[in-house]
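The values are calculated or read from the model by the stated rules, or taken from the named source; none is laboratory data. Keep in mind that what you see is a predicted model, and the values were worked out from it rather than measured. Because the Cβ atoms are built from the backbone with ideal geometry, glycine has one as well, and the counts that use them run over all protein chains shown. The protein model used for the area step is the full one, side chains on, heavy atoms only, and it has no ligands, DNA or RNA in it. Shrake-Rupley method; radii C 1.70, N 1.55, O 1.52, S 1.80 Å.
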Amino acid sequence: MKNKNLIAIYDYTREEQTRLLDLAEEFEREPVQNILNGYVVATLFFEPSTRTRLSFESAANRLGARVIGFTDSASSSVKKGESLKDTILTVSNYADIIVMRHPRDGSARYASEVSPVPIINAGDGANQHPTQTLLDMYSIRKTQGTLENLQVAFVGDLKYGRTVHSLTMALTNYKTTFHLVSPGELKLPSYVKTHIKEKDLKYHQYTNMDEAIRKADILYMTRIQKERFSDPIEYERVKNAYILNKELLENAKENMKVLHPLPRVNEISEEVDANPMAYYFRQAENGVYIRQALLASILGVK
Amino acid sequence: MEKTRKELKVSAIENGTVIDHIPAKNVFQVIRILNLDECQEQILFGTNLESKKYGTKGIIKVSNRFFESEELNKIALAAPTASIIEIRNFQVIKKMQVEVPGTITKVVKCVNPNCITNNEQVITRFRVVDKIDIKLQCMYCEKMTEKSNMVFL
Ligand SMILES: [Zn+2]
């Protein structure tokens, strides 16, 4: 996978994804390794995303690489009107690999076409965020021992949530059964469902959580955003209908784990945090191992 | 009699390509897609002409130019009904219909206002996912541009 860009999750084959997950496991066992000594990683955040940036920088630091970059474009030459192409070409003189987050859809694909060094997409607008998908897959495999034949429930905003779309598509390679819980106006788009149908997999749709929770091996919660609703009253009603609490978890399977891409608002009440089924903070930790695996394999040292 | 012969002389070409049955409103579009505004050869074109089949039509005749089918297929989005006639020595030697290609470069604008191609100087590229209803998937933002919201560049 040396020099291979990661722009969308499907850029990597199932075998390559497995290799990354295996490598991430190795970094979880031994997180500090001085294998990227002398390498420079650029983190270009044209829009702020503290969580993702810190995770990448932590990954780079634990492998001995140096990190350069900016945290939002307001303080950089981008604000003076520099084109994305010029920024990428300039930075590629200083770095061996570029991690970028950008508010425009398709920006990462374009950057990978002009860049002489490999690009990792850390989010391009509403389009792709493949490292999130990989860390979700890692968390699922780690907690269930496999990615095959699982019952996965997604709850909340399934229409606009790109993490849900990418993970759903990635899981269609693993004979997943999908349980889709959302208000009618935020259902999974048909183009994503098409991918499920093409692989002859099953999906079930619900408007309330109970039944899906009973069946699930993985309960993937998402945030419902206010700006998706034209009617504020409707938002309040919907928001409160999809809150996970301790009582709801009483009917869950023993092996079930709760995932969430974070940050959460109120969709998981804090009383759940202490429950052994709550996995979302560990999930965020797993992001560092996945990003170590990516940096090491794309830079060709693993 | 003299007049008719003169007209024939103007409209017939000795060698070259005739693009017929172009939707009348898209003649200039086709000229632009094929870069004919930079062509040095004799070019004749007409639009809002009578057509038995389509009501009105446009036609373009380019002397001494023969196009690769790849190049001609670029006009398929603007002129899906177009027929191509190659002429040598005043004789029709080849007739064909345009065909929608698998990928479209540079011709159409992406429908997504937040797409990088609408915000930086990036040449648009699309995968054609439906050749009949014309659905184009942007190779950058992955959004679908359909016939109803297609804007030519
Ligand atoms: Zn686009």
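A DSSP coil position with no more than 13 other Cβ atoms inside 10 Å describes the following GluC sites (Glu not before Pro) in the range A:132-239: A:Glu148. Are there trypsin sites (Lys or Arg not before Pro) in the range B:41-131 that DSSP marks as loop and that have at most 13 other Cβ atoms within 10 Å, and which are they? Counting only loop positions with at most 13 other Cβ atoms within 10 Å, the trypsin sites (Lys or Arg not before Pro) in the range B:41-131 are B:Lys52, B:Lys53, B:Lys106, B:Lys131.
Candidate cross-link partners of A:Lys175 among the lysines, defined by an alpha-carbon separation under 19 Å and a same-chain spacing of 8 or more, comprise A:Lys142, A:Lys193, A:Lys197, A:Lys199, A:Lys202, A:Lys215, A:Lys257. Solvent-accessible surface, computed for protein heavy atoms with a probe of 1.4 Å, shrinks by 20 Å² or more for the following residues of the range A:101-118 when the other protein chains are added to the isolated chain: A:Arg104, A:Asp105, A:Gly106, A:Arg109, A:Tyr110, A:Glu113. Close amide H partners of B:Ser51, meaning residues 5 or more places away or on another chain with modelled amide H under 5 Å apart, are B:Thr56, B:Lys57.
Between the helical axis of A:130-144 and the longest alpha-carbon principal axis of chain A there is an angle of about 50 degrees.
Loop-resident GluC sites (Glu not before Pro) (DSSP state other than H, G, I, E or B) in the range A:238-302 with no more than 12 further Cβ atoms inside 10 Å of their Cβ: A:Glu250, A:Glu254. Eigenvalues of the alpha-carbon gyration tensor of the range A:107-193, scaled by 5 and square-rooted, set the equivalent ellipsoid semi-axes at 25, 18, 10 angstrom, largest first.
In terms of accessible area, using a 1.4 Å probe and ignoring ligands and nucleic acids, A:Lys226, B:Lys135 rank largest first as A:Lys226, B:Lys135. Eigen-decomposition of the gyration tensor built on the alpha-carbon atoms of the range B:103-152 gives equivalent ellipsoid semi-axes of 17, 10, 9 angstrom, largest listed first. Projecting each Cα onto the charge dipole of chain A (Lys/Arg +1, Asp/Glu -1 at the beta carbon, about the Cα centre), which of A:Pro48, A:Gly125, A:Asn3 comes out farthest on the positive side? Highest projection toward the positive end goes to A:Asn3. The C-alpha atoms of the range A:130-284 occupy a region whose extents along the principal axes are 41, 37, 29 Å, arranged from largest to smallest. Remark on the range B:16-97: ratio of C-alpha radius of gyration to 2.2 N^0.38 Å is 1.00.
Distance from the Cα centroid of the range A:70-115 to that of the range B:92-150 is 26 Å (rounded to whole angstrom). Around the Cα centre of the range B:103-152, unit charges on the Cβ atoms of Lys, Arg, Asp and Glu (plus for the first two, minus for the last two) sum to a dipole of about 120 debye. For chain A, adding -39500 (n - 2.57) for each run of n ≥ 4 DSSP H residues and dividing by the number of residues yields -11500 deg cm²/dmol at 222 nm. Of the accessible area of the range A:130-284, computed with a 1.4 Å probe over protein heavy atoms only, carbon and sulfur atoms account for 47 percent.
Each label point was placed 7 Å from the Cα along the Cα-to-Cβ direction; for A:Lys197 and A:Thr13 their separation is 2.9 nm. By DSSP, the beta bridges lying fully in the protein assembly as shown are antiparallel in about 50 percent of cases.
Chain B packed on chain A takes about 1100 Å² of accessible surface away from a 1.4 Å probe, both sides summed. Extending 7 Å from the Cα toward the beta-carbon at both A:Gln205 and A:Glu254 defines two label points whose distance is 3.6 nm.
With a 1.4 Å probe on protein heavy atoms only, tell me which residues of the range B:77-117 lose at least 20 Å² of accessible surface in the complex relative to the chain by itself. Residues of the range B:77-117 that lose at least 20 Å² of accessible area once the other chains are added: B:Asn114, B:Ile116.
The angle between the Cα long axis of helix B:2-11 and the longest principal axis of the Cα atoms of chain B comes to about 30 degrees, rounded to the nearest 10. Rolling a 1.4 Å probe across the protein heavy atoms gives chain A an accessible surface of 42 Å² per residue. Peptide B:140-148 shows a mean partner chain C-beta count of 4 within 10 Å per residue C-beta.
Shielding by partners for peptide B:118-125, expressed as the average number of C-beta atoms from other protein chains within 10 Å of each residue's C-beta, is 4. So for the pair A:Glu270, A:Thr146, with labels modelled 7 Å out along Cα→Cβ, what separation do we get in nm? Taking the two extended label points, one gets 4.0 nm.
Projecting the Cα atoms of A:Ala216, A:Ser107, A:Leu171 onto the charge dipole of the protein assembly as shown, computed from C-beta unit charges around the Cα centre, puts A:Ser107 farthest toward the positive end. If you average 1/r over all unlike Cα pairs in the protein assembly as shown and invert the result, what Kirkwood radius do you get in angstrom? Radius from the Kirkwood sum: 25.3 Å.
PRE reach from B:Met96 (point 7 Å along Cα→Cβ): which of the range B:17-54 fall under 14 Å by backbone N? Only B:17-19 fall inside the zone, counting backbone N under 14 Å. Dipole size of chain B about its Cα centre, with +1 on Lys/Arg Cβ and -1 on Asp/Glu Cβ: approximately 360 debye, rounded to the nearest 20.
Rounded to the nearest 20, the size of the Cβ-charge dipole of the protein assembly as shown about its Cα centre is 1200 debye, with Lys and Arg at +1 and Asp and Glu at -1. Shape class of the range A:188-248 from the alpha-carbon gyration tensor: oblate, with a/c at 1.5 or above and b/c at least as large as a/b. Legend: mean number of C-beta atoms from other chains within 10 angstrom of residue C-beta atoms, peptide A:119-129, equals 2.
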